[in-house]
Protein chains: 4
Amino acid sequence: MKAIKRIGVLTGGGDCPGLNAVIRAVVKTAIRRYNVEVVGIINGFHGLVNDVMVPLNEESVAGIVHRGGTILGTTNRDNPFRYAVEKDGELAFEDRSEQCIQNLRKHNIDGLIVIGGDGSLNIAHQFHAKGVPVVGVPKTIDNDLSSTDYTFGFDSAVTTATEAIDKLHTTAESHHRIMILEVMGRYAGWIALYSGVAGGADVILIPEIPFDLGKVCDHIRARNERGRKFSIVVIAEGASEKGGEMVVQQRVEKSHDPIRLGGIGQEIAHKLELCTQMETRVTVLGHVQRGGSPTSADRILSTRYGSSAVDAVMAGYFGHMVALRTPKIVPVPLTEAIEMKKVNPQGQLVQAAKAVGISFGD
Amino acid sequence: MKAIKRIGVLTGGGDCPGLNAVIRAVVKTAIRRYNVEVVGIINGFHGLVNDVMVPLNEESVAGIVHRGGTILGTTNRDNPFRYAVEKDGELAFEDRSEQCIQNLRKHNIDGLIVIGGDGSLNIAHQFHAKGVPVVGVPKTIDNDLSSTDYTFGFDSAVTTATEAIDKLHTTAESHHRIMILEVMGRYAGWIALYSGVAGGADVILIPEIPFDLGKVCDHIRARNERGRKFSIVVIAEGASEKGGEMVVQQRVEKSHDPIRLGGIGQEIAHKLELCTQMETRVTVLGHVQRGGSPTSADRILSTRYGSSAVDAVMAGYFGHMVALRTPKIVPVPLTEAIEMKKVNPQGQLVQAAKAVGISFGD
Amino acid sequence: MKAIKRIGVLTGGGDCPGLNAVIRAVVKTAIRRYNVEVVGIINGFHGLVNDVMVPLNEESVAGIVHRGGTILGTTNRDNPFRYAVEKDGELAFEDRSEQCIQNLRKHNIDGLIVIGGDGSLNIAHQFHAKGVPVVGVPKTIDNDLSSTDYTFGFDSAVTTATEAIDKLHTTAESHHRIMILEVMGRYAGWIALYSGVAGGADVILIPEIPFDLGKVCDHIRARNERGRKFSIVVIAEGASEKGGEMVVQQRVEKSHDPIRLGGIGQEIAHKLELCTQMETRVTVLGHVQRGGSPTSADRILSTRYGSSAVDAVMAGYFGHMVALRTPKIVPVPLTEAIEMKKVNPQGQLVQAAKAVGISFGD
Amino acid sequence: MKAIKRIGVLTGGGDCPGLNAVIRAVVKTAIRRYNVEVVGIINGFHGLVNDVMVPLNEESVAGIVHRGGTILGTTNRDNPFRYAVEKDGELAFEDRSEQCIQNLRKHNIDGLIVIGGDGSLNIAHQFHAKGVPVVGVPKTIDNDLSSTDYTFGFDSAVTTATEAIDKLHTTAESHHRIMILEVMGRYAGWIALYSGVAGGADVILIPEIPFDLGKVCDHIRARNERGRKFSIVVIAEGASEKGGEMVVQQRVEKSHDPIRLGGIGQEIAHKLELCTQMETRVTVLGHVQRGGSPTSADRILSTRYGSSAVDAVMAGYFGHMVALRTPKIVPVPLTEAIEMKKVNPQGQLVQAAKAVGISFGD
């Protein structure tokens, strides 16, 4: 195996608290532990296709461990294997992966670290199949990647959502209202589940458990009868009613887009007002969940991922992703890694949530 | 003048951080400084009409200075002078003010402290006209009451909105997007103005300054050309486009209701996407702005208001409201107090905002 | 096995964010899932000896998931097996465990849940040896209990310490100073290690890695030479210098006591000023680390522990403690559980910390 | 009067949240409103003496409104009129003010904005006396400058201290302890007073009200007798006992230095333990109060100060400081401005604090 002398790093997909902490740990570990250079690839795979790269040293990453966003920029649109170009005035898709490989060679990059979600890690996997020495770092605010106990950014998103629920509680109590919070989670309800349990929600609706709105109404009415004249409902954007009415078919891509179609929060608010005769109010957190300073737990996890990713590159674990198997970070094959992890309706956390009185509408 | 022996206190209108701190200061000041009893009236004027009252002592208000909500409950619907009743199966309105006065007499309440916004203070004023010894405490999250420098709760709402802008900044920067934050403010844009300046927004749209959407687009495009590839837009729910298209006529009552009509945030997002060709995302904060623990500034202001309200009762300033005239709290006649205070487009703060590059679309 | 009809619950030892969330989950799970009654024992084992108990229902635990402290009160002094009494004007110790067992019988308590740290769990273990049907819930802000991945409260304490480091960073940078933060951790350095990594500290001193102050000075001077004119030093209160000078022998008991002896933070500050000639400032966080609202992660963990503890009681896992073995909560024998878990100097986290440039003075 | 074409700006004295927001507003207002250039002077007056300056444009100040610290650096030691130099191996002081004036001329700086506390504003005043066109911006975390309602940074410091008190409350309540928080305030007790009122403290000790420790003990004992088995004591570092015992004479300079002499918090803790027989714990916040992101209120105030300071320069208000006279920012002569503002023991806030049951030990 050829000695590694220069590592490239890029961030792909949606913004996520902790990205900068990963980049910082990659740069510092490479330089300090292995005396290896690091090159930052700008705006994710867009920079890899178009050869936009900058050298990174310790100064480049000083003071960023607590900052949200990514100093490298990111996009969630550019796939080198299906790269959008204009051809004869029409949109067309081309494979630009060879161009990427040439760009890596041109810069003498011996190892590539891809920090991204399922989309980016899939691309990383395809590059590996073509011989690129790539290591992945799992990034998804939704925590929906299998093979790792937690993804970084998730704890920060849950914290933001929980703070919102805490605030809704006081006003809900004072006013005898239903307060709805719509949070991210198109295919997996982890943010809704965690923030709902942490915030003491009364109802949690998630994609993995299709709900019966009648049961939700019954639950809220039963609370009223016990003298609890308000209810907090947390809804993942991908939640759907039993029988499928609530499923919004247009949502074909995985992208968080709270402005389209009015949002499920408003639909359910309308229906709950009708069936409970209670005033109902909606908060749509949107991208607030992706932003801000990462929590301490996310900064630690990000630092460990970044440092371990360099270890994995140096040890030749190409085609692997670093994964948290508490308490260790271990390399796992990308093929295993990119499966989606859904909330298990029979799992301990859902059962604990039900034990403390939370309804999932099932 | 008859010696005061028992004071009643109620909270009316929407929830607001700091209500509990006011109640606590009323109770403690009455008991400790004046040896006077305090009676809490439950759920605002509803409790006054229906005689739902509880004695309050120091134990009742221990440990609540930092809690959101109101231990007395509140409603924003019950007006004793126009009280909704069902009569022969139809909704009708009756004057129940005499009943209230009898309830006050029955409980030997010599002074009534009404903590509320323009609606509640108007009712307080009407009671005073009928001889009730009433003192007001100004409460509106919107900061739109004249005669007082600040209302309590406003700083907390601004803080919540500013934290949301801070979070949107990182994701906006990473993704080159327009991020829209819709905040409260139907008739006055104080929350949008303050949080927009504090959060470093690029555009602030408020009811007091009708905007030209073309100018907003120009501003965002000019930023892009200078290399600032993202923009943060803060919109008060009552903002309206020049020429009046954006004015939503249904909003006749003053009540914060983010679920109706899709919201102005979504309307503007749609238009901005069209004119700038940039991805645009919306966050609707809703009642999160009303909840949570009050800021330290709001707790101090609330404590001072509560304590001064008791002083005002004991000194016989009936028909007055306590008001902040920095650095003093002074009594001002309710008649003056309940005028609305709007943002002055020529005022120093708007001018400072423009000086740092914020567009108001005018 | 006798059917369980009534469960007792107590909190022992130092305050810890999440205690209320555990109590709430115990009460709700017992009532809702098993239709079993719950009795709260006041002020830890003191209440068990002296028969101070209150019935707990759902109303008792409404709205407390986010509150710090414990609604049951706690002490860290009362050991029923060695209970301090005054006898003939002298302090003496008596075994009052039989009295406790009679009190449990008197109240028909069939299962006892003890929420506590190593001290309280040791007592729980002794009670179990005498036939009391007891289940433990691990509580220590220091995270130093083996057998469980994490104890609740730890994430909250780390978050508080990390926020302090974040604040010290800006002032350290502006002034070219050494900023020292003394945090809890008499025997285990988990809080210092986690908050130091999360906060981007430059030096972390913990009990598990005796330090050489000369190396700490060298590290800080090397930073200065690279143009980083400030340094952040996080010190666990139990850290000690190689050769043992810094070991403070009086600290025989495990109790957090930042006021005694001036504190190690001040000692090291003094020495660092001498050797680096840089201005040095100290913050002693003290009990701020034990207080406040638990983080969302701690609320979830606490809820799961509380719910699982009831499951363990109902399934007859007496003499066991519920423990987190990510992603599951499982019962483990108390005998195993109460061993101390120390930071492993060769472990991944310390190694990642060193990789990002943090010195441990070794 | 000569037209202004280039403005210099420097930050002097201790770090303070909001400095960056002032600098940003100075730069943006100068460029956008007046088309005037801005030069940043590095490390306060040190950079003015030694000619270390950098041009500032809009890019230099992008994204810093919410950041603590100062991008220009600061020192609190360099006085150009009494500049420390080494002469024949001895420390000597020289007047370097002429050198500063030459440096200003060399860079064609027509207006100098000095952001600082009483020390820096005094120097600014001396420069003005020598003909330098200087405008001041009041900066002190202690809020102890007369002529302005509030200084920026103060609200942030109060918020940090209040959050600490909130956290101490839960653990104090659970444990029946006295919790002491030592905060900044050598000569003025504003931070202690504001945070103590906001946090619901039981005792506040400040320099303006010498205290009788016996009265403090009586107050705490009286609380115990009423069943409130804990107390929170907030102490400004400059508080002193009646009769003067507690006065620490070594504190001759105005500099916040919590590491010297053990601290007043520890002294009082020791005495309170003796007289109340209650466990007592101390937190020393130290420079945590100076750091971190400014509150929204401080960001707004800072933005207004910065923008108004440029207006003042352009309007020729030299020898003046911008000051908040709610709701306006106005120029006031520096001679008036640099008087110290102390807490008035007969003022409304102290009286309100007493009304809600807070003891000042007098």
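Results, tabulated for the structure shown:
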quantity	calculated
Shielding of D:302-311 by partner chains, average beta-carbon count, 10 Å	4
Vicinal HN-Hα couplings computed from phi for the range C:61-70 (Karplus, 6.51 cos²θ - 1.76 cosθ + 1.60; Hz; Gly/Pro x)	10, 5, x, 10, 4, 9, 8, x, x, 9
Segment D:D362-D:C275, length gained on full extension (0.36 nm per residue, minus Cα span)	29.6 nm
With at most 16 other Cβ atoms within 10 Å, longest stretch of chain D clear of loop GluC sites (Glu not before Pro) (DSSP)	D:1-244
Three-way shape label, the range A:1-81, alpha-carbon gyration tensor, a/c 1.5	oblate
7 Å along Cα→Cβ, label-point gaps from D:R32 to other copies, nm, shortest first	4.0, 4.6, 5.1
Modelled FRET efficiency - R0 60 Å, D:R77 with B:D88, Cβ distances, 0.05 increments	0.10
C:V38 long-range amide H proximity, modeled H, under 5 Å	C:I7, C:L56
Cα long-axis angle, helix C:213-225 against chain C (0 to 90 degrees, to the nearest 10)	60 degrees
Whole-Hz couplings from phi, Karplus 6.51/-1.76/1.60, listed for the range C:34-46; x for Gly and Pro	10, 6, 10, 7, 10, 10, x, 9, 7, 6, x, 5, 4
Chain A, rotation onto B, residue closest to that axis via Cβ, with its distance in Å	A:V284, 2
Estimated inter-spin distance, C:K242 and C:K5, nm [label 7 Å along Cα→Cβ]	6.5 nm
Shortest-first nm distances, B:R105 label point to equivalent points in other copies (7 Å, Cα→Cβ)	6.4, 8.6, 10.0
C-alpha long axis of helix C:190-199 to longest principal axis of chain C, angle in °	50 degrees
Label distances, nm, B:K328 versus same residue in remaining copies, Cβ-directed 7 Å point	1.9, 7.2, 7.3
Enclosed volume per residue, in Å³, of the convex hull spanned by Cα atoms of the range C:270-360	186 Å³
Cysteines having no other Cys beta carbon under 4.7 Å from their own, within chain B	B:C16, B:C100
Rounded, prolate or oblate (a/c below 1.5 giving rounded, otherwise prolate when a/b exceeds b/c) for chain A by Cα gyration tensor	prolate
C:M321 long-range amide H proximity, modeled H, under 5 Å	C:G136, C:V332, C:L334
Among beta bridges that DSSP assigns inside the range D:51-178, antiparallel share in %, nearest 5	45 percent
Spin-label pair C:K229/B:E336, simplified geometry with 7 Å Cα→Cβ offset, distance in nm	5.3 nm
Set of lysines with alpha-carbon distance to D:K5 below 24 Å, sequence-local pairs under 8 removed	B:K354, D:K28, D:K106, D:K130
Hits among aspartates and glutamates - C-alpha to C-alpha of B:K229 under 19 Å, sequence gap 8 or more where chains match	A:D15, A:D78, B:D166, B:E173, B:D202, B:D218, B:E273, B:E279, D:E58, D:E59
The range D:59-95 and the range A:154-207: distance between their alpha carbon centers, rounded to Å	48 Å
Computed FRET value (nearest 0.05) for A:N108 with A:A62, which takes r as the C-beta separation and R₀ as 25 Å	0.50
Cα long-axis angle, helix C:154-175 against chain C (0 to 90 degrees, to the nearest 10)	20 degrees
Amide H contacts under 5 Å for A:D362, placed H, 5+ residues apart	A:D212
Cα gyration tensor shape for the range A:157-290, rounded if a/c is under 1.5, else prolate or oblate	oblate
Antiparallel DSSP beta bridges within chain D, as percent of all bridges there, nearest 5	35 percent
Percent of beta bridges antiparallel (DSSP, the protein assembly as shown, rounded to nearest 5)	35 percent
For the range D:346-362, 3J(HN,Hα) per residue [Karplus equation, 6.51 cos²θ - 1.76 cosθ + 1.60, θ = phi - 60°, Hz, x = Gly/Pro]	9, x, 4, 5, 4, 5, 5, 4, 5, 4, 8, x, 7, 9, 9, x, 9
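Since every read-out is calculated from the coordinates, none of them should be taken as a lab result. Worth saying up front: this structure is predicted, and the values here are computed from it rather than measured. Positions of Cβ are generated from backbone atoms using ideal geometry, with glycine treated the same way; all protein chains shown enter the neighbour counts.
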